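Notes for the one structure printed next.
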Amino acid sequence: MSAPKILVVDDTPQNVKLLADLLTVKGYAVATAASGPEALKQVEAERPDLVLLDVVMPGMSGYEVCRKIRENLATQVLPVVMVTSLDPAQERIKGIEAGADDFLTKPINQPELLARVRSLLRIKEMYDTIQAQAAQLTEWNKTLEERVQEQVAQLERLGRLKRFFSPQLAELIVAGGAEDPLKTHRREVTVVFLDLRGFTAFAETSEPEEVMGVLREYHAEMGKLILEHEGTLERFTGDGMMIFFNDPTPVPNPAERALRMAVAMRDRVAEMIAKWRKRGYHLDFGVGIAQGYATIGAIGFEGRWDYGAIGTVTNLAARLCGEARPGQILISQRLLGTVEELLEVEPVGELTLKGFSRPVTTHNVLRLKG
């Protein structure tokens, strides 16, 4: 830590030398000035920790210098000790009015001078410490505010992403562990379409509260299985859902995940159907699954965005779902080629599907092997 610096201001060279020598011996750094204007320049240039200021000087008195020091925001609290040989009582009042912190009379009592210097420097050091801590606190508050804003933005983004992805995946994306999924991209995916058979007739003949109750139960159970198998829910369409695998981040065995999820959904819906039929609801369940490339990303406009996949593979899964009879999980030949060892299937034949120029070879999933 550097020694405190004291500026000695006096128009008499002998006085300057006497004070400078005394203070230097005591370990202080010393700067000097022989006039008021020079003193102000030295205050600016040397940044002293204390000023010993002679009152009577030609041109600009010590009082005027002290007032100038106090007018400057950077030196408002700089300790100033006025030194004079005039009437102490009158000069002390003038010195206080000018902004001086202390007062010494000539001839200077050296022990008193050193004691006052030490006392004022302690006060200056405490003030500097408080200022540094205040600056640090301001910086911490600014940093904290920035961090809070960043975390709020992350939470908002996380909430938006959780509409589409599993919580674990959404948190991974926000943490930077996955690329921005809302940016348009192309990837091979496995797409699952599912819906309830007989739902339109059920909705037309049932009370709205009954319809909503069935949908809530159905969505809740299907949602659990989507999250469990780490699928991406693309959309709800009443009783229908579209889920795909291998996006926004690649996953191992997307086709297998899709099929295990679909079979688990069929089993779970079978349990719900048994309860629904006791209430007089005639509903059933069908699924279509396909594999292929899709263009994926944010779809919509500012203020209303959805996460969507576009491509032949989504159309194929939707058409297969539309053709599925109650309890069937229809898959394309291409998909079967990648997971044949996992499944027991029965051929359905070649289906003529809307939007496809050639018949599509289709199979129904009976069960998982083992």
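Report whether or not Phe164 is of a type outside the set (Asp, Glu) and at pLDDT 90 or above. Taking the combined requirement at face value, the residue does not satisfy it. For the range 240-312, list the strands (runs of 3 or more DSSP E) that sit wholly inside it and hold at least 2 residues that are under 35 Å from the mean Cα position of the chain (by Cα) and either of a type in the set (Ser, Thr, Tyr) or at positive phi (or both); which are they? Strands (runs of 3 or more DSSP E) meeting the threshold: 284-301. Of a type outside the set (S, T, N, Q), without any contact (Cβ under 8 Å) to a residue 40 or more places away in the chain and either touching a helix residue (DSSP H, G or I) at 6+ places or on another chain (Cβ under 8 Å) or not assigned by TED's automatic domain parsing to the domain that holds Ala309 (or both): does that describe Ala274? Spelling it out, it is not the case that Ala274 is of a type outside the set (S, T, N, Q), without any contact (Cβ under 8 Å) to a residue 40 or more places away in the chain and either touching a helix residue (DSSP H, G or I) at 6+ places or on another chain (Cβ under 8 Å) or not assigned by TED's automatic domain parsing to the domain that holds Ala309 (or both). The number of residues in the range 278-331 that are charged (D, E, K, R) and at pLDDT 90 or above comes to 6. Name the residue, out of Arg197, Arg279, Arg260, that is in contact with a Lys or Arg (Cβ under 9 Å, 6 or more places away or on another chain) and either within 27 Å of Gln333 (Cβ to Cβ) or surrounded by fewer than 18 Cβ atoms within 10 Å (Cβ to Cβ) (or both). One residue alone meets the criteria, Arg197. Is the range 203-220 home to any residue that is in contact with a strand residue (DSSP E or B) (Cβ under 6 Å, 6 or more places away or on another chain), polar (S, T, N, Q) and more than 26 Å from Arg367 (Cα to Cα)? There is no residue in the range 203-220 that is in contact with a strand residue (DSSP E or B) (Cβ under 6 Å, 6 or more places away or on another chain), polar (S, T, N, Q) and more than 26 Å from Arg367 (Cα to Cα). At least 1 residues being of a type in the set (Lys, Arg) is the threshold, and among the strands (runs of 3 or more DSSP E) wholly inside the range 1-64 those reaching it are 5-9. In the range 221-232, the residues that are over 17 Å from Thr190 (Cβ atoms) form Cβ pairs under 7 Å with partners that are outside any loop (DSSP other than H, G, I, E, B) and of a type in the set (D, E, K, R), at six or more places apart or across chains, as follows: Glu221/Arg268.
Scanning the range 76-126 for residues being among the basic types (Lys, Arg) and touching an Asp or Glu at 6+ places or on another chain (Cβ under 7 Å) gives a total of 2. Of all the criteria given as (1) in contact with a Leu (Cβ under 8 Å, 6 or more places away or on another chain); (2) crowded, with 21+ Cβ neighbours inside 10 Å, the one not satisfied by Gly36 is (1).
The values are calculated or read from the model by the stated rules, or taken from the named source; none is laboratory data. All of these numbers come straight from a predicted model, not from anything done at the bench. All Cβ positions, even for glycine, are placed from backbone atoms using ideal geometry, and neighbour counts span all protein chains on display.
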